[in-house]
Structures are given as C-alpha cells and as structure tokens.
Amino acid sequence: MPKIAIDSVEYEVPEGRTILQVLDDLGLLGNGVEVPHYCWHPKLSVDGSCRLCQVEIEGVPKLQIACNTPVANGMKVHTKSDRVIAARRGVMELLLINHPLDCPICDQAGECKLQDHAFDWGVPAARTTEPRRPAKKAVDLGPTIVFDQERCILCRRCVRFCREIPKTGELGVVNRGDESLLELFPGSELDNPYSMNVADICPVGALTTRDFRFKIRVWFTDDVESVCNQCSRGCNILASRSNNKVYRFLPRRNDAVNDTWICDHGRMSYKKNSTGRLTAPRADGREASYTDAVKRAGELVRAALDAKGKIVGVASPFASNADLAAFRDLLAALGAGPARFSVPRGESDAILIEAEKAPNAAGCRALGMVESNEQLGRADLALVLGHTLTAEVFGDVRNIVLIDTHESALSARATVALPARTFLEKSGAFTNSRGLVQSFSAVVEPTIEAWSESDALAQIAAAAGIA
Amino acid sequence: MKNYLSEHYGDDSFQTLAGYEAKGGFAGLRKALAQTPEQVVEIVKASGLRGRGGAGFATGLKWSFMPKTNERMKVIVVNGDESEPGSFKDRMIMERGPFEVLEGIIIGAWAMGAQRAYIYVRGEYTRAIRTLEAAVKELYGKKRLGKSTFGVKGFDLDIVVHSGAGAYICGEETGLLESLEGKKGQPRKKPPFPAQHGAFGLPTTVNNIETFAHVPFILDRGVEWFKSRGTEKSPGTTLFGVSGHVERPGLFELPLGTPLREVLGHAGGVRGGRRLKGVMPGGLSMPVLPPSELEVPMAEEFLSQRGTHLGTGGVMVMDESVCMVRVATVVSYFFRDESCGQCTQCREGTAWVHKLCQKIERGRASDADLALLSDVPKLMEGQTICAFADAAAWPIQGLLRHFRDDFEAHLREQKCPFPESFEL
Ligand SMILES: Cc1cc2nc3c(=O)[nH]c(=O)nc-3n(C[C@H](O)[C@H](O)[C@H](O)COP(=O)(O)O)c2cc1C
Ligand code: SF4
Ligand code: SF4
Ligand code: SF4
Ligand code: FES
C-alpha cells in the first residue's frame with residue numbers, strides 16, 4: 001500500500017484511489033483535513049470542473065485537483081499552503097460574481113456549501129459591480145423538484161446523478177461559457193423514483209424539494225438517525241425534527257446498504273407517521289381508555305386459555321426485533337404455535353427498492369415465524385401485531401386483539417384495538433433483506449397514548465394474569 | 001515563399017494521386033515501411049519535430065507514449081480543426097497538399113500500430129474536406145488503404161474524414177475527442193490521457209495537420225536534412241500565416257527562427273507605410289509583442305523569453321491606428337463566447353474580463369476596473385481542465401503589459417482616443 005503525506009502527516013492508503021477518495025476512505029475529509037469541493041461526490045463519477053479541490057503536490061509545478069489525482073507512493077500533499085488558499089479564494093470570488101447573495105431568503109441557508117465555503121474562503125467584499133446573470137426562478141423540473149437557476153454553480157452533480165444512478169438522464173447543461181444552463185432534456189421532466197436525491201446533492205440552493213421548501217429553517221431542526229421502513233432494503237435515514245414533528249427524511253450514508261441515496265417513496269413516508277393513525281383504543285366497538293381496552297384484551301386471553309381454545313398469533317414485518325421477540329415469548333407462554341406473518345409485495349429495481357414492502361420480514365423469519373397468507377381458519381382468539389393481512393383472512397376467528405399503528409379494515413373488525421407507536425416514536429432494530437440488523441432511535445413522542453407492541457403485550461399479559 | 005512543404009502548392013495536379021507520385025510522393029512512406037515501427041518512432045524523435053498545433057510538444061516522444069501491445073485497436077486523430085483565430089495554414093495544407101498529410105498519417109500509423117485515423121476538419125472548411133475525401137477515396141480505389149495498406153500484410157489502416165461544426169474548443173485535443181464521439185465538445189479531465197483512453201476509449205494520439213505533413217519529408221530526406229532548417233530546438237519550417245495590417249497578407253513557409261522582421265517583410269511590411277503598433281505572433285491567444293521586439297527569432301524558445309509563444313504561427317499585425325482596448329474587447333468577447341463553461345475560473349472569468357474590457361472601452365470605467373482587469377486573468381491561469389483559460393488570460397495580460405497607456409487614456413478621456421481604429 002502506498003504511503004502518502006497530507007500536510008506532513010503520513011498515511012498508508014489503498015492503491016488506485018484519488019486523493020479525495022483516500023481522504024474520504026480514511027474519514028479525514030472535513031474531519032481534520034479540509035479539501036473543499038463542489039463537483040465531487042463520493043458516489044458519482046468525477047467531473048473535475050469546479051476546481052475548488054486544488055491541492056499542492058511537492059514536485060508538481062501546477063496545483064492539482066484532489067478529486068482526479070491518483071495517489072502515488074511518496075506523494076506529499078499540502079492542503080493549507082498559501083497557493084492553495086489563494087486558489088480557493090479565486091474560485092470562491094469567481095463563483096460569487098454571479099451567485100445572488102440571497103441567503104436570507106434562500107431555502108438552502110444553513111446547509112449550503114457555497115455559504116459555508118464563502119465564510120471560510122470568500123472575499124470580504126464583492127469587487128464586481130456588474131449586474132448578475134438573469135435567470136429563471138422557481139422552475140418546476142417535475143413533480144418533486146423546484147429549480148432556482150440563478151443559484152446553480154454548474155457542478156453537474158444532478159446531471160451525473162440522473163445519468164448514473166436511475167440512468168434516466170433527464171438533465172443536462174446546455175450552451176457554453178457563462179451562458180451555460182442546467183436544463184431538462186427537451187420534452188422530459190425530472191420524474192424518476194429517486195428524483196429527490198438531486199436536492200440532497202445540490203451543493204447550493206438551486207434544487208430544492210417541493211415538499212420541504214420553505215417549511216422550516218434547518219437550524220430549527222435536528223436530525224435523528226433512523227431506518228426507512230418502506231421496504232426490506234432498510235435505507236439509512238436522518239429524520240429532521242422540530243417541535244416534536246418530523247419535517248423530512250434525508251438519506252444517511254451507509255455504503256453497505258444505500259450508499260447515499262433513498263427512494264422518493266421512502267423519503268415521503270415520513271408523512272405516514274401523522275396520517276391515518278389509530279388514535280384511540282377501542283373495545284367491543286366502542287372507544288375506551290387504554291387501561292380499559294387492555295383489561296378487556298386480558299379477559300379475552302384469559303377466557304381463551306381457560307376454555308383451552310385455540311389462540312393464534314399474527315406478527316407484523318413492520319415490528320421491531322424486540323417487539324417480535326416479546327410476541328414470540330408470549331405466544332409460547334400461551335401455548336400457541338409460532339406466529340405467522342405476511343409481507344406486502346410490489347415492484348423492485350436494481351438500485352435500492354426491494355419487492356418486500358416491509359422492513360423486518362427477515363426479523364420475523366429469524367424468530368421462527370411462518371410466512372403465510374392463508375385463511376386463519378377456526379380460532380377463539382387472534383393476537384395480531386400490525387396490519388399486513390386483509391380482514392377476510394380472519395373470517396372464522398371469534399375474537400381479535402389488535403395492536404397497531406394505523407386504521408385498517410381489521411381495526412374496525414377487531415374486538416380490541418390498541419394504538420401502537422410507530423418506529424419514529426420508539427427505539428428498536430430491524431433486520432434487512434441482507435440480514436443486517438440496524439437500530440434506530442425515537443425521533444418524536446407520540447401525540448396520543450400509544451405504546452410499543454412489546455409494552456402493550458406485557459400489559460395484556462399482566463391483565464390476563466400470565467407471569 | 002515556398003519550401004519543401006509548399007513546394008508544389010499551386011500546381012493542381014499535386015492534389016491527385018498521380019500528380020503527387022509524379023512529384024516523388026510516398027518516397028518517405030516506402031522508406032518507413034522498410035523499417036520497424038520502433039525505428040520510425042526513433043527517427044521522428046531524432047528529428048526534433050515539434051507539434052505544430054500550438055503547444056509545440058515533441059512529436060516522436062508523443063508517439064512513444066502509445067501502448068506497444070495490440071490488445072486494443074489504436075487510433076490516430078488528426079487535428080484539422082484550426083480554430084485559433086489568425087491561423088489558416090492547416091487549411092492550405094489540406095487543400096493543396098492532402099497527400100502529404102495522408103502520407104504522414106500512414107507513416108504514423110505504421111510507427112504506432114494504429115488501425116484507424118480520424119481527420120477532424122473544421123466544418124466550415126468545405127473545400128479542405130472535399131479535397132481530403134477525394135484523396136482518401138483515390139487511395140482506397142488503388143487498394144492502398146484498408147486491408148494490407150500499401151500492400152503490407154497485417155498493416156490494415158482505415159482513414160475517416162470527419163467534419164466538425166466549428167467551435168474553438170473542439171480544437172483542444174480532448175474536446176475534439178468528445179466531439180468526434182458525438183458529444184458536446186468539452187475537454188476531458190486528465191488523467192486518463194489519450195494514449196490510454198482516447199477516442200472511443202481506445203489508445204489515441206492526436207497531432208496537428210501540419211505535424212503529419214512534415215513526417216514524410218523527414219523519413220525521405222533524413223534527420224540531418226530536417227535539422228539543417230530551423231533552430232536547434234525547433235527544427236524545420238512552418239507556414240507563417242500573416243494577417244492584419246500588412247501589404248500582402250498570406251502564408252509563407254519559412255524556417256523556424258526566422259526573425260519577425262523578415263516574416264513581416266515577406267508580407268510586404270505594414271500597410272500604407274504606417275507605423276507598426278503590435279504583433280500577435282502565434283494566433284489570438286498569444287501575448288502581443290511591441291515593435292521593439294521585431295528582431296525576435298520566430299521559434300518557441302526565443303518567444304517564450306519575451307513572454308509570448310509561437311502558438312500556431314498565425315502572425316497578426318496591427319498598425320498605429322489600432323486601439324489596444326478594442327483589441328482586448330474583441331479578444332475577450334471571443335473567449336467569453338467560446339469557453340465550454342465547465343471550469344469555474346474559465347466560465348466566470350472570461351465573462352468578467354469581457355465586461356471589464358467593454359466598460360473601459362466605452363470610457364465608463366474607474367481605476368478599480370483597470371486594477372481588476374490585471375487581477376482577474378491571474379485567477380484564471382494554470383488551474384483549469386484545459387489550456388483555454390490560459391489562452392484567454394494571456395492576450396489580455398500581454399496587452400496590459402505593453403499598452404497600458406491605451407487603457408489609461410480611456411479612463412482619463414472617458415472615451416476611445418483612437419478614432420481610426422476598427423469598428424466594434
Ligand atoms: C483552446 C484550444 C484550442 C486548440 N485548437 C487547436 C486546433 O485548432 N488545432 C490544433 O492542431 N491544435 C489545437 N489545440 C492544441 C491541441 O490541444 C493539441 O495540443 C494538438 O492538436 C496536438 O498536436 P501537435 O502535438 O501535433 O501540435 C488547441 C488547444 C487549445 C487549448
Ligand atoms: S442545480 Fe445544483 S447540483 Fe445541479 S448543476 Fe446546479 S448547482 Fe450543481
Ligand atoms: S429503497 Fe426501500 S428502504 Fe430505501 S428509501 Fe426506498 S422504500 Fe425506504
Ligand atoms: S478551461 Fe475553459 S474551455 Fe477548458 S475545460 Fe475549462 S471551461 Fe472548458
Ligand atoms: S471537486 Fe475537484 S474539481 Fe470539483
């Protein structure tokens with residue numbers, strides 16, 4: 001492995017990588033070593049056009065771009081020399097002659113790379129008095145993305161994203177020189193299942209999502225690590241929250257799962273936390289307090305046990321491993337067979353989206369649960385977590401105790417229905433399609449009385465007098 | 001002035017295969033085919049031939065960068081884009097001496113093991129394109145191209161004439177490759193270099209039209225003969241294209257190192273007995289020389305000592321009537337318009353420089369604007385994907401270096417003090 005020195009500190013680095021990749025591999029980028037960059041993105045091809053990442057290499061007369069210079073044994077790189085800083089200042093000054101200084105009204109303020117780097121390397125006062133380039137405002141590129149052209153610094157990250165990840169190629173740069181413009185391919189619009197990632201990778205406020213735009217200033221939010229629950233990929237996400245509310249999901253980098261992307265469907269699923277929820281407990285068709293509903297559920301369990309009736313368990317591939325394990329243990333204590341579960345299925349693609357539309361089918365399988373969509377048949381009591389089976393499957397079941405997050409045909413039919421916390425309202429872990437166990441932590445508090453499935457099960461067991 | 005390259009220019013039969021052979025054509029190729037490819041590369045190296053496309057890189061050395069193995073097809077790309085304003089030599093060579101170019105290409109293909117050559121010609125050069133196409137067709141007709149080129153078993157060379165669409169940046173070698181592949185003409189970052197990953201991803205060598213045209217003569221008449229012309233570091237002749245305020249603009253084939261005064265003399269000197277104001281020695285991107293430099297030998301090693309370059313040998317002459325601020329405005333307009341727009345420094349810098357020139361030219365500028373005009377080109381130089389940003393910065397720096405008075409006069413008088421200068 002080649003040895004290189006960065007600012008006189010030696011590192012052993014993998015071969016065949018560029019300086020910027022190596023810094024990224026070592027976790028040094030923005031974390032001890034500062035090599036500002038716009039066009040480079042760890043998951044896209046190298047463009048080498050913004051020219052911000054220039055570094056000085058001993059023995060090489062000209063400054064070189066770190067994003068396209070392969071490391072070589074003995075290379076001595078300087079990222080803080082006067083020449084490097086002067087070059088950065090030059091790039092920043094040139095970028096700012098046409099970029100509007102509208103940070104106060106720009107939705108990217110607070111997470112804009114131009115703002116950040118201007119703070120570090122910018123000129124104190126503009127030396128140009130020329131009018132800035134006129135451009136189109138708030139252009140809809142498609143159903144999800146809005147484009148403010150005057151802020152675009154032509155890094156072409158969005159262009160490369162569309163060409164290289166979804167491979168749809170909706171975007172391109174037309175014209176030359178300072179008339180270069182980001183444009184849609186004639187007759188197309190930016191509408192692919194991953195379109196909203198372009199807003200994440202746009203280093204400035206040129207591309208924003210229609211969903212999040214002008215909702216809240218990012219400095220009022222904080223980001224909590226979580227895992228998307230919309231398919232078995234388990235993309236790593238950040239949930240931006242403020243005032244006990246989730247405002248958006250962002251991809252969180254995990255090279256083993258989702259690189260740095262998420263699909264639009266997963267991104268927008270944050271809304272599911274606040275819509276269609278099962279908000280109040282019900283018992284025998286009437287709203288009840290949580291305590292009363294738990295009591296009624298306990299009675300049903302006790303009665304079924306005493307009558308040596310048949311008890312079946314139905315698990316949910318949306319439940320966390322801890323909740324599933326608690327369910328398995330309770331069913332064992334009740335002398336019931338292993339829980340069954342069913343996974344909703346849909347389309348998959350070669351990028352991220354998996355056919356299994358639930359985050360924890362692998363967890364269900366690992367805990368010995370049995371996958372089935374068959375009729376449950378005759379039973380005295382079904383204990384049900386979640387909502388992945390249609391109500392018809394329960395045709396011959398006398399009583400249903402349901403612990404669930406959302407309203408469904410089944411919640412209307414259940415003898416007892418107890419609201420559960422969504423994954424955003426509790427901590428836990430999912431096992432994804434590749435067997436990776438990924439934990440998540442609570443992002444918000446529930447606004448209704450709701451418990452995790454394991455807590456609700458424990459309460460029911462106690463009410464039924466089971467140790 | 002004629003010399004070996006242009007000896008038969010004007011004789012129309014020289015553009016036909018029969019006429020070319022009657023004048024001794026293909027003697028160089030025959031001598032090349034009698035040697036190994038490695039030997040041919042060594043001869044070109046020993047000749048000291050430097051590329052005539054503007055950068056002056058050693059041709060033999062460039063040829064030696066090509067991979068020696070034959071795992072992948074190797075490609076020669078011939079740069080006939082000739083997009084540097086002030087240059088028109090390649091056009092003349094293509095129109096008058098097409099077989100010289102083709103012979104040079106075939107020798108290059110033999111030396112580098114190339115199986116295909118693309119001649120990329122500026123789209124506006126319709127006559128050059130027709131002439132080259134006719135010449136290529138004649139060679140195919142005589143079965144001297146394609147399978148067993150010139151009867152040599154295992155030497156299979158195809159030549160394709162490709163018409164560009166007229167963009168300066170498509171003359172830059174990697175911008176040209178993108179354009180050749182049917183994409184937007186914008187230079188590629190390096191590495192990878194063309195010798196590893198060039199046209200269509202294949203190992204590629206790009207050389208200028210004139211560069212190839214010299215090669216047959218070197219092979220035929222020998223390294224010593226070639227080196228007896230020109231200077232030690234820049235052997236051979238070149239076609240100086242003299243334009244602007246001279247009595248007889250035109251092309252003159254002269255040895256490299258010919259003093260500028262003599263080059264101008266061949267063009268009849270400055271028109272109407274006026275005084276010389278400045279000369280751009282190698283096309284629009286090369287810094288201007290003041291009249292005090294008239295004795296400079298026209299070869300890179302001497303010109304670079306004076307802060308300029310030989311470029312393409314397109315000598316642009318300006319007499320005393322010319323306003324150098326106007327020149328700067330026109331030059332900066334050209335570069336602003338032709339920048340491909342990828343690199344921050346070039347995209348933003350060329351436009352800024354042009355706006356400043358315009359402002360000064362119109363007499364609306366302040367001292368601060370003039371200070372900026374000296375500064376902004378410095379931000380652009382030496383930091384971009386291709387040398388275009390340098391090419392845009394240099395002429396402005398040259399004009400300011402030698403003609404600062406003109407700029408200051410505009411600030412002082414708040415108008416152009418040269419009423420007889422060309423119109424904008
Ligand atoms: C902006 C720009 C424009 C260029 N235009 C041309 C051109 O029109 N013709 C040419 O032969 N070389 C041109 N060049 C130089 C080529 O990139 C390259 O150096 C040359 O074709 C190599 O050939 P040579 O080694 O035989 O000179 C240009 C370079 C730049 C930076
Ligand atoms: S819109 Fe954003 S990502 Fe796309 S080229 Fe412009 S600055 Fe880059
Ligand atoms: S691919 Fe699956 S896990 Fe990833 S964001 Fe989309 S729905 Fe969520
Ligand atoms: S220097 Fe200018 S012309 Fe060359 S690649 Fe960069 S932007 Fe394009
Ligand atoms: S990040 Fe290297 S040139 Fe843009």
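Among the DSSP beta bridges whose two residues both lie in the protein assembly as shown, what percent are antiparallel, rounded to the nearest 5?
55
If you put +1 on each Lys and Arg Cβ and -1 on each Asp and Glu Cβ, how big is the dipole of the protein assembly as shown around its Cα centre, in Debye rounded to 20?
780
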Item to check | Projected label distance in nm at B:Lys183 and A:Val370, using a 7 Å step from Cα toward the beta-carbon | outcome: 5.7
Checklist entry - Taking the radius of gyration and the Kirkwood hydrodynamic radius from Cα positions alone, what is the Rg/Rh ratio for the range A:265-362, to two decimal places? => result 1.05
Item to check | chain A: calculated mean residue ellipticity at 222 nm from DSSP helix runs of at least 4, using -39500 (n - 2.57) | outcome: -6000 deg cm²/dmol
Checklist entry - Once the Cβ-Cβ distance between B:Asp337 and A:Val139 is put in as r, and R0 is 25 Å, what FRET efficiency do you end up with, to the nearest 0.05? => result 0.50
Item to check | Modelled FRET efficiency - R0 60 Å, B:Arg275 with B:Asn70, Cβ distances, 0.05 increments | outcome: 0.50
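Evaluate the relative contact order of chain A (contact order divided by residue number), counting alpha-carbon pairs under 8 angstrom at least 6 apart; express in whole percent.
The value is 11 percent.
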Checklist entry - How large is the dipole of chain A about the Cα centre if only Lys and Arg carry +1 and Asp and Glu carry -1, each at its Cβ, rounded to the nearest 20 debye? => result 300
Item to check | Distance in nm between pseudo-label sites at A:Met1 and A:Ile466 (7 Å out along the Cβ direction from Cα) | outcome: 5.2
Checklist outcome for this item: Measuring from its Cα centre, the range B:137-263 shows a charge dipole (+1 at each Lys and Arg Cβ, -1 at each Asp and Glu Cβ) which, in debye to the nearest 20, is 340
Checklist outcome for this item: Expected vector for the range A:61-69, Karplus 3J(HN,Hα) from phi with 6.51, -1.76, 1.60 and θ = phi - 60°, integer Hz, x for Gly and Pro, equals x, 8, 5, 10, 7, 5, 6, 10, 10
Item to check | Hz values of 3J(HN,Hα) by residue in the range A:73-82 - Karplus curve (6.51, -1.76, 1.60), Gly and Pro given as x | outcome: 4, x, 5, 10, 9, 10, 10, 10, 5, 4
Next on the checklist: Cβ neighbours within 10 Å, averaged per peptide: list A:307-318, B:57-68, B:99-110, B:409-420 in order, most packed at the top.
Outcome noted: B:99-110, A:307-318, B:57-68, B:409-420
Checklist outcome for this item: Inverse of <1/r> over all distinct C-alpha pairs of the range B:233-298, i.e. the Kirkwood Rh in Å, gives 12.1
Checklist entry - How well do other chains shield peptide A:175-185, expressed as the mean number of their Cβ atoms within 10 Å of each residue Cβ? => result 5
Next on the checklist: Quick check on the protein assembly as shown: what are the equivalent-ellipsoid semi-axes from the Cα gyration tensor, as sqrt(5λ), descending, whole Å?
Outcome noted: 71, 33, 21
Checklist entry - Using modelled backbone amide H atoms (1.01 Å from N, in-plane), which distant-in-sequence or interchain residues come within less than 5 Å of A:Val246's amide H? => result none
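Run lengths n ≥ 4 of DSSP H only: what is the helix-derived mean residue ellipticity at 222 nm for chain B, with -39500 (n - 2.57) per run over all residues, to the nearest 500?
Details: 16 runs with 179 residues, N = 424.
Roughly -13000 deg cm²/dmol at 222 nm, from the helical runs in chain B.
Count the DSSP beta bridges whose two residues both fall in chain B, then state the antiparallel fraction as a percent rounded to the nearest 5.
40
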Checklist entry - Can you give the angle from 0 to 90° between the axis of helix B:37-47 and the longest principal axis of chain B, with both taken from C-alpha atoms, to the nearest 10? => result 40
Item to check | 10 Å Cβ neighbours from other chains, averaged over peptide A:143-155 | outcome: 1
Item to check | For the range B:336-346, Karplus couplings with θ = phi - 60° (6.51, -1.76, 1.60), whole Hz, Gly/Pro x | outcome: 4, 6, 9, 4, 6, x, 6, 7, 3, 4, 7
Checklist entry - Given just the C-alpha atoms of the range B:150-274, how large is their convex hull per residue in cubic angstrom? => result 185
Item to check | Amide proton proximity set for B:Gly244, modelled H, under 5 Å, gap of 5+ | outcome: B:Val317
Checklist entry - Along the charge dipole of the range B:366-424, which of B:Cys386, B:His402, B:Leu424 sits closest to the positive end, that is, farthest toward it, with unit charges on the beta carbon of Lys, Arg, Asp and Glu (+1, +1, -1, -1)? => result B:Cys386
Next on the checklist: Just to be sure I understand the model, the point goes 7 Å from the Cα along the line to the Cβ. What's the resulting B:Lys153 to A:Asn254 distance in nm?
Outcome noted: 6.5
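Evaluated at 10 °C with a viscosity of 1.306 mPa s, what Stokes-Einstein diffusion coefficient in µm²/s does chain B have when Rh comes from the Kirkwood expression over alpha-carbon pairs?
Values: Rh = 22.2 Å.
Answer from the Stokes-Einstein relation: 72 µm²/s.
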Checklist entry - Taking a point 7 angstrom from the Cα of A:Lys271 along the C-beta vector, which residues in the range A:115-148 have backbone N less than 12 Å away? => result A:144
Checklist entry - Once amide H atoms are placed 1.01 Å from N in the peptide plane, what residues at a sequence separation of 5 or more from A:Val443, or on another chain, have their amide H within under 5 Å of its amide H? => result A:Glu425, A:Lys426
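Could you compute how fast the range A:1-146 diffuses translationally, taking Rh as the Kirkwood radius over C-alpha pairs and applying Stokes-Einstein at 4 °C with viscosity 1.567 mPa s? Give it in µm² per second.
Rounded to a whole number, D works out at 76 µm²/s.
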Checklist outcome for this item: Counting only backbone N atoms under 19 Å from a point 7 Å out along Cα-to-Cβ of A:Arg413, the residues of the range A:250-293 in range are A:278, A:282-286
Checklist entry - Other chains' Cβ within 10 Å of B:350-356 residues: what's the mean? => result 4
Checklist outcome for this item: In terms of the charge dipole of the range B:146-201, which places +1 on Lys and Arg and -1 on Asp and Glu at the beta carbon, the residue among B:Tyr168, B:Gln186, B:Phe155 farthest towards the positive end is B:Gln186
Item to check | Angle between chain B longest axis and helix B:367-380 axis [Cα atoms, degrees, rounded to 10] | outcome: 20
Item to check | Residue pairs, from the table A:Lys3/A:Lys80; B:Lys74/B:Lys147; B:Lys23/B:Lys142; B:Lys2/B:Lys143; A:Lys43/A:Lys215; A:Lys43/A:Lys272, whose Cα atoms sit over 24 Å apart | outcome: B:Lys2/B:Lys143; A:Lys43/A:Lys215; A:Lys43/A:Lys272
Checklist entry - Taking the Cβ-Cβ separation of A:Thr390 and B:Arg221 as r and a Förster radius of 56 Å, what is the calculated FRET efficiency to the nearest 0.05? => result 0.05
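No lab work stands behind these numbers, since they all come straight from the coordinates. Small disclaimer: the values here were computed from a predicted structure and weren't measured. All Cβ positions, glycine included, derive from the backbone under ideal geometry; neighbour counts span all protein chains shown.
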